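Asker: Here it is: the structure, laid out below.
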Amino acid sequence: MRKVHLIVGARPNFMKMAPLYKEFKKYSDEFSVKLIHTGQHYDERMSKFFFDDLQLPYPDEYLEVGSGTHGKQTARIIERYEDVLLKDMPDLVIVAGDVNSTVACALDAVKLHIPVAHLEAGLRSHAKSMPEEINRIMTDVISDYLLTPSPDADENLLKEGKPKDKIYLVGNIMIDSLIQYKNKAEESKILDEIGISKKDYALITLHRPSNVDNEKGLLTILNAFEEINKDVKLIFPIHPRTRKRIEEFNLEEKVNSMKNLYLVPPAGYYDFLHLQMNAKFILTDSGGIQEESTYFGIPCLTLRPNTERPITIWEGTNQLVKLETDDIIDAAKKIIAGDVKQGKIPKFWDGKTAERIVQIFRNEN
Ligand code: UD1
């Protein structure tokens with residue numbers, strides 16, 4: 001029996017680990033799986049709602065690290081997860097994505113000579129100013145299994161000198177969850193609650209430090225929303241980081257004065273999928289939403305100078321928009337006028353990624 005730890009910490013991890021957890025459970029005579037939650041995200045709406053929607057059990061270990069500076073948060077995770085590892089000594093640790101919990105737990109495991117698998121390996125924005133890029137690079141350097149979502153990720157890893165036999169193109173695991181819960185999401189009543197009809201709004205998400213942590217950048221974007229809002233209703237489930245910054249920079253009045261802007265709390269998984277699939281278009285700086293919108297075929301304007309997920313541009317409905325008020329307005333107006341980018345669903349975004357991953361580990365025995 002091989003002991004496996006699956007690490008989750010922040011909101012985008014939950015929908016990536018849920019399918020893997022369920023797949024491993026099918027082989028409970030071969031694997032014993034534990035779900036470890038670092039507690040990087042702890043608000044009900046950032047964590048528990050997702051456990052409920054994704055039908056995940058209460059984690060086997062909950063480390064309660066909470067928020068903090070990067071150094072403090074990462075250090076707390078390292079310290080607390082090491083204790084768990086020393087007690088449990090699993091045979092494999094699987095981490096996902098690019099959050100602080102990812103790199104911290106990978107580092108703990110590798111120092112204790114426990115093999116690490118990185119789910120969503122090889123993605124690169126090539127912008128080291130983003131904390132996530134550092135987390136991705138570091139995690140890939142120390143991982144034994146590099147599980148990639150798309151061929152561009154394989155190429156990045158090969159260019160960095162990673163051995164070919166460590167790289168496994170498994171596909172996009174987030175899409176496994178999306179496919180599993182699409183029907184549930186269709187039934188969500190969130191639009192009725194907000195009081196808006198399908199296709200009668202654009203959906204906004206915004207939380208990157210580079211966009212929200214400085215007043216000038218945040219204003220550039222809010223000014224664009226103000227203008228776009230004259231033509232289309234906007235639904236904005238607001239991330240705690242962004243809410244905090246709007247308060248800090250005294251921008252509440254500006255936000256509240258936009259008549260057709262519907263500011264709502266962070267949505268649960270089904271509700272958020274519902275908001276995506278029925279949007280006219282999406283304005284975001286998230287990583288995962290670029291992918292989910294590509295799957296749904298909904299136009300997505302990514303408010304960033306780069307993306308670690310270029311396949312969503314090459315094959316999907318995503319496009320990058322320069323962080324200038326006028327550029328954002330122009331891109332939105334084009335879509336409102338009917339000039340919409342068409343896309344297709346990339347290979348291996350088929351709901352079978354968890355299956356492919358578990359087979360890799362089964363075949364080792
Ligand atoms: C983290 C990830 C980011 C991911 C995002 C998804 C890192 C470096 N960043 O960013 O890649 O896209 O999660 O949401 O790991 N807060 C709450 N409640 C919570 C969690 C956070 O109020 O449950 C507030 C706190 O004020 C905290 C701030 O949000 O200081 C930022 O949280 P943090 O975990 O540091 O990073 P995120 O911005 O959420």
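The values are calculated or read from the model by the stated rules, or taken from the named source; none is laboratory data. No experiment lies behind these values; they were computed from the predicted model shown. Neighbour counts run over all protein chains shown; Cβ positions are idealised from the backbone, glycine included. Just the protein is used for accessible areas: all its heavy atoms, side chains included, with ligands, DNA and RNA removed. Shrake-Rupley method; radii C 1.70, N 1.55, O 1.52, S 1.80 Å.
Asker: Give the number of residues within the stretch 207-254 that are part of a loop (DSSP other than H, G, I, E, B) and closer than 25 Å to residue 288 by Cα.
Answerer: Number of matching residues: 8.
Asker: Okay, next question. Looking at the structure I just gave you, is residue 244 more than 15 Å from the ligand (Cβ to nearest atom) and in the same structural domain as residue 278 (by TED's automatic domain parsing)?
Answerer: no
Asker: Still on this structure: Sort through 181, 145 and tell me the only one that's at negative phi and in contact with a strand residue (DSSP E or B) (Cβ under 7 Å, 6 or more places away or on another chain).
Answerer: 145
Asker: If you take the residues in the stretch 94-151 that are within 16 Å of the ligand (Cβ to nearest atom) and basic (Lys, Arg), which one is nearest to residue 64 (Cα to Cα)?
Answerer: Checked the stretch 94-151; the qualifying residue nearest to residue 64 (Cα to Cα) is 136.
Asker: Has the stretch 264-271 got at least one residue that is in contact with a strand residue (DSSP E or B) (Cβ under 6 Å, 6 or more places away or on another chain) and surrounded by fewer than 16 Cβ atoms within 10 Å (Cβ to Cβ)?
Answerer: yes
Asker: Which one of the conditions (1) in contact (Cβ under 8 Å) with a residue 40 or more places away in the chain; (2) open to solvent by less than 60 Å² (accessible area, probe 1.4 Å); (3) more than 29 Å from residue 350 (Cβ to Cβ) does residue 246 fail to meet, given that it meets all the rest?
Answerer: If we test residue 246 against (1) in contact (Cβ under 8 Å) with a residue 40 or more places away in the chain; (2) open to solvent by less than 60 Å² (accessible area, probe 1.4 Å); (3) more than 29 Å from residue 350 (Cβ to Cβ), just (1) comes out false.
Asker: Give me the helices (runs of 4 or more DSSP H) completely within the stretch 93-187, filtered to those with at least 3 residues that are among the acidic types (Asp, Glu), ordered by residue number.
Answerer: Counting at least 3 such residues, we get 131-142, 151-159.
Asker: Only one of 143, 101, 129 is open to solvent by 10 Å² or more (accessible area, probe 1.4 Å) and small (Gly, Ala, Ser). Can you tell me which?
Answerer: Result: 129 is the single residue among 143, 101, 129 that is open to solvent by 10 Å² or more (accessible area, probe 1.4 Å) and small (Gly, Ala, Ser).
Asker: Something else: Condition first: in contact (Cβ under 8 Å) with a residue 40 or more places away in the chain and surrounded by 17 or more Cβ atoms within 10 Å (Cβ to Cβ). Now tell me which residues in the stretch 66-84 satisfy that.
Answerer: 77, 80, 81, 84
Asker: Tally up the residues in the stretch 343-365 that are open to solvent by 60 Å² or more (accessible area, probe 1.4 Å) and among the aliphatic types (A, V, I, L, M), please.
Answerer: The number of residues fulfilling the criteria is 1.
Asker: Also: Can you find a residue that is within 27 Å of residue 122 (Cβ to Cβ), near the ligand (Cβ under 10 Å from one of its atoms), touching a Pro at 6+ places or on another chain (Cβ under 9 Å) and in a loop (DSSP other than H, G, I, E, B) anywhere in the stretch 42-55?
Answerer: Yes: one or more hits.
Asker: Identify, from the list 234, 275, 206, the residue that is hydrophobic (A, V, I, L, M, F, W, C), under 17 Å from the mean Cα position of the chain (by Cα) and under 21 Å from residue 322 (Cβ atoms).
Answerer: From the options 234, 275, 206, the qualifying one is 206.
Asker: List every residue pair whose Cβ atoms lie under 7 Å apart, where the two residues are 6 or more positions apart in sequence or sit on different chains, the first residue falls within the stretch 42-61 and is among the aromatic types (Phe, Trp, Tyr), and the second residue, located anywhere, is surrounded by fewer than 20 Cβ atoms within 10 Å (Cβ to Cβ).
Answerer: 42/66
Asker: Which number in (1) more than 11 Å from the ligand (Cβ to nearest atom); (2) exposed (fewer than 15 other Cβ atoms within 10 Å of the Cβ) marks the one condition that residue 234 misses?
Answerer: All conditions pass for residue 234, except number (2).
Asker: Quick test for you: out of 340, 321, pick the one residue that is of a type in the set (A, V, I, L, M) and either surrounded by 22 or more Cβ atoms within 10 Å (Cβ to Cβ) or in contact with a Pro (Cβ under 8 Å, 6 or more places away or on another chain) (or both).
Answerer: 340 is the lone residue from the list that is of a type in the set (A, V, I, L, M) and either surrounded by 22 or more Cβ atoms within 10 Å (Cβ to Cβ) or in contact with a Pro (Cβ under 8 Å, 6 or more places away or on another chain) (or both).
Asker: Has the stretch 249-259 got any residue that is buried (at least 16 other Cβ atoms within 10 Å of the Cβ) and among the hydroxyl-bearing types (Ser, Thr, Tyr)?
Answerer: No, the stretch 249-259 has no match at all.
Asker: Consider residue 16 carefully, then state whether it is in contact with a helix residue (DSSP H, G or I) (Cβ under 8 Å, 6 or more places away or on another chain), closer than 23 Å to residue 362 by Cα and within 13 Å of the ligand (Cβ to nearest atom).
Answerer: So residue 16 fits the description; yes.
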